[in-house]
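Colleague: The structure's right below; bear with me while I get my questions together.
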Amino acid sequence: DTAVSQTPKYLVTQMGNDKSIKCEQNLGHDTMYWYKQDSKKFLKIMFSYNNKELIINETVPNRFSPKSPDKAHLNLHINSLELGDSAVYFCASSQRSQRGTRTQYFGPGTRLTVL
Amino acid sequence: GESVGLHLPTLSVQEGDNSIINCAYSNSASDYFIWYKQESGKGPQFIIDIRSNMDKRQGQRVTVLLNKTVKHLSLQIAATQPGDSAVYFCAVAGGGADGLTFGKGTHLIIQP
């Protein structure tokens, strides 16, 4: 009964390749996110999607593109991978409540290694 | 924009002692605060949250304190156990944005 799941858990690839990471949530949430965690454990938001609309897009390279086929999925596509893209990528989801709480629930992460 | 910082990258405590992890934020419009625990190889896990209309909230062995005057947040863990060993993040939201701004994390080490 995994709430937020990601595939693959590990991804090793060569520079210049194009890859995708998939994310699914079964919590019925209306917003999904992608975060990048660097080697120093710093978590930085990359994207969020609410009702199929991109509502946050931080200063990430346009080689990264989120795609949401439906409310339960937010996939991350990365083109022309670079060494600096190596990191752990986390998917998360949340539901805005009437009280304004925005607790986000995270997936287990995808460790991307670019060689 | 918001910036969030933690005072200590590493905190070492004896098993059974209480732990206090601190966090500071910059945006006075921030109105929602969360503490997450991240164990090795796993994603961040929700521990406890607090809204800006409160200054204290308690959970099971954990307490979050919020001081809006000095924009400071703390997580207290009572009777620390080996399973509490993890990296702890504070996260802040506010200003109508849906995103969270995370602090840099404190690695809590439990010594026997």
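Colleague: Only one of B:TYR25, B:TYR32 is touching a Lys or Arg at 6+ places or on another chain (Cβ under 6 Å) and within 11 Å of another protein chain (Cβ to nearest Cβ). Can you tell me which?
Modeller: None of the other options fit; the residue is B:TYR32.
Colleague: Can you pull out every residue in segment A:82-104 that is open to solvent by 30 Å² or more (accessible area, probe 1.4 Å) and modelled with pLDDT of 90 or more?
Modeller: Across segment A:82-104, the qualifying residues are A:GLU82, A:LEU83, A:GLY84, A:SER86.
Colleague: When you look at B:LYS37, is it at positive phi and either of a type in the set (Lys, Arg) or in contact with a Phe, Trp or Tyr (Cβ under 6 Å, 6 or more places away or on another chain) (or both), yes or no?
Modeller: No.
Colleague: Looking at A:ASN50, A:ASN79, A:ASN62, A:ASN57, which one is surrounded by fewer than 16 Cβ atoms within 10 Å (Cβ to Cβ) and within 14 Å of the chain's Cα centre (by Cα)?
Modeller: Criteria check complete, one pass: A:ASN57.
Colleague: Has segment A:5-24 got at least one residue that is at pLDDT 95 or above, touching a Phe, Trp or Tyr at 6+ places or on another chain (Cβ under 7 Å) and more than 11 Å from chain B (Cβ to nearest Cβ)?
Modeller: Yes; the residues of segment A:5-24 include at least one that is at pLDDT 95 or above, touching a Phe, Trp or Tyr at 6+ places or on another chain (Cβ under 7 Å) and more than 11 Å from chain B (Cβ to nearest Cβ).
Colleague: So, one more: Hey, among the residues in segment B:43-71 that are within 14 Å of chain A (Cβ to nearest Cβ) and open to solvent by 50 Å² or more (accessible area, probe 1.4 Å), which one's farthest from the chain's Cα centre (by Cα)?
Modeller: B:ASN53
Colleague: Still on this structure, I have one more. Give me a count of the residues in segment A:12-45 that are of a type outside the set (Phe, Trp, Tyr), under 10 Å from the mean Cα position of the chain (by Cα), farther than 22 Å from A:LEU115 by Cα and open to solvent by less than 10 Å² (accessible area, probe 1.4 Å).
Modeller: 2
Colleague: Right, here's the next one. May I ask you to say which residue of B:SER74, B:SER19 is at pLDDT 95 or above, under 11 Å from B:TYR88 (Cβ atoms) and under 10 Å from the mean Cα position of the chain (by Cα)?
Modeller: Step by step, each of B:SER74, B:SER19 is checked, and only B:SER74 is at pLDDT 95 or above, under 11 Å from B:TYR88 (Cβ atoms) and under 10 Å from the mean Cα position of the chain (by Cα).
Colleague: Looking at this structure, is B:VAL13 among the β-branched types (Val, Ile, Thr), within 11 Å of chain A (Cβ to nearest Cβ) and part of a strand (DSSP E or B)?
Modeller: For B:VAL13, the condition - among the β-branched types (Val, Ile, Thr), within 11 Å of chain A (Cβ to nearest Cβ) and part of a strand (DSSP E or B) - is not met.
For (1) more than 10 Å from chain B (Cβ to nearest Cβ); (2) assigned to a loop (DSSP other than H, G, I, E, B); (3) closer than 28 Å to B:SER52 by Cα, each residue gets a yes or a no:
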| residue | (1), (2), (3) |
| --- | --- |
| A:ILE45 | no, no, yes |
| A:LEU54 | yes, no, yes |
| A:PRO66 | yes, no, no |
| A:ASN75 | yes, no, no |
| A:LEU81 | yes, yes, no |
| A:GLY84 | yes, no, no |
| A:PHE90 | no, no, yes |
| A:PRO108 | no, yes, no |
| A:LEU112 | yes, no, no |
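The values are calculated or read from the model by the stated rules, or taken from the named source; none is laboratory data. Here the structure is a predicted model, which means the values were calculated and not measured. Every residue, glycine among them, receives a Cβ derived from its backbone with ideal geometry; neighbour counts consider all protein chains shown. Heavy atoms of the whole protein, side chains included, go into the accessibility calculation; ligands, DNA and RNA do not. Shrake-Rupley method; radii C 1.70, N 1.55, O 1.52, S 1.80 Å.
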